[in-house]
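Some notes on the structure that comes next.
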Amino acid sequence: MGRAIREEYFRYFPVGDRERRWGLYVTAVGRLVQAMPGRPHPGHPSPYYYVWEKGRVLPEEYGVHYITQGEGEFESEQAGLQAVTAGDIMVLFPGVWHRYRPANNRAWTYYWVHFGGSYVDSLVSQKFVSPDAPILKVGVKESLLHPYLSMIDCAHTEPPGYAQLMSGCILQLLGTALATADNQAETGSSNDIARQAVLAMEKAVEEAIDMRRLAASFHLSYDRFRHIFRQHVGQPPQRYLRQLRIRRAKELLSGTELSVKEIGAVLQFDDSYHFSRVFKETTGMAPSQWRGKSHRGRGERPPISDQY
């Protein structure tokens with residue numbers, strides 16, 4: 001991977017006509033352990049340093065700042081104030097006012113690179129990245145740290161064609177970051193779908209639930225919905241609903257005088273035989289046996305209406 005960088009480091013690069021014609025060029029790269037944000041730092045040219053109270057605007061460049069330790073806050077003109085933490089990427093856009101700082105004056109560590117070019121402009125125009133969503137949730141990953149360390153190595157050693165080598169690192173960084181953020185978002189979205197589906201089933205356990213209609217409410221096919229639900233809950237939605245209904249049946253058997261037939265109907269079973277069969281498969285005893293055991297455990301006599 002490139003050698004580990006322990007000290008703070010930064011370097012700025014001149015950009016000539018050759019780099020601009022290449023379509024993607026690095027203007028600065030570094031690593032920073034920062035406790036007091038937005039203060040002038042020796043060696044940083046204007047407008048790269050700034051004070052928190054005023055923030056800053058980069059005239060022509062993009063920035064990708066990857067937090068690897070600590071936490072803080074980020075604010076921009078379009079996105080407002082947001083909390084950020086290790087594993088987040090802050091994307092800076094040319095012409096967009098922004099500022100960021102660590103939390104409570106505690107140090108954070110981040111790797112950063114500034115770059116420009118027509119290639120990145122096209123990504124923004126196609127909405128792959130947007131000033132409206134400047135924070136990418138990617139986690140702390142070796143695959144994202146590697147491009148930064150490679151660029152820092154290039155800055156140290158200046159191998160032949162290092163400007164083009166660094167632009168290749170930018171492609172790797174952007175591709176990995178966007179793919180990882182999309183995957184994280186999809187995982188978070190599917191988690192939310194499964195959670196909402198579980199809540200819907202618990203709320204409507206005594207109602208008829210059409211699973212295909214429930215899937216459609218999340219804009220999913222039933223097969224896709226079933227896959228997501230099973231992935232996050234550990235079992236298919238129909239089986240989970242059946243367990244909810246058996247749990248509810250136990251409550252009704254022990255807490256009401258409804259007959260087994262009536263409880264089966266309340267819980268949307270086809271008939272009392274179907275309910276009794278599923279109940280016994282799940283609990284190991286018939287509903288009337290479970291009710292009798294439950295009442296005996298409380299010192300009560302079971303109701304005489306328990307016929308089916």
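Of all lysines in the structure, those lying under 21 Å Cα to Cα from Lys280, and not within fewer than 8 positions of it along the same chain, are Lys250, Lys261, Lys293.
Have a look at Gln78, Ile170, Tyr119 and report the one farthest towards the positive end of the charge dipole of region 56-180, computed about the Cα centre with Cβ charges (Lys/Arg +1, Asp/Glu -1). Looking along the dipole axis, the top candidate is Gln78.
Note on Thr282 and Lys137: their simple-model spin labels are 3.3 nm apart, each label 7 Å out from Cα toward Cβ.
On full extension of the chain, what length is gained from Gln184 through His156, given 0.36 nm per residue of separation minus the C-alpha to C-alpha distance?
6.7 nm
A straight Cα-to-Cα reach below 26 Å connects Lys141 with the lysines Lys127, residues fewer than 8 places away in its own chain not being considered. The packing ranking, built from the mean of other Cβ atoms within 10 Å per residue, places the peptides 196-208, 259-271 in the order 259-271, 196-208, highest first. Between the labelled values [x] 144; [y] 122; [z] 196, the entry that holds volume of the Cα convex hull per residue in Å³ as derived from this structure is [z].
Using only side-chain charges placed at the Cβ, +1 for Lys and Arg and -1 for Asp and Glu, the dipole size of region 162-287 relative to its Cα centre rounds to 260 debye.
Note on Gln82 and Gln238: the extension gain reaches 52.2 nm, defined as 0.36 nm multiplied by sequence separation minus the Cα-Cα distance.
Taken about its Cα centre, the chain carries a charge dipole of about 1160 debye when Lys and Arg each add +1 at the Cβ and Asp and Glu each add -1 at the Cβ. Accessible surface computed residue by residue for region 50-165, with neighbouring protein chains in place and a 1.4 Å probe, gives 43 Å² per residue.
The values are calculated or read from the model by the stated rules, or taken from the named source; none is laboratory data. Owing to the predicted nature of the structure, the values given are computational and were not obtained by experimental measurement. Note that each Cβ is placed from the backbone with ideal geometry, even for glycine, and that neighbours are counted across all protein chains shown. Keep in mind that these areas ignore ligands, DNA and RNA; they rest on the heavy atoms of the full protein, side chains included. Shrake-Rupley method; radii C 1.70, N 1.55, O 1.52, S 1.80 Å.
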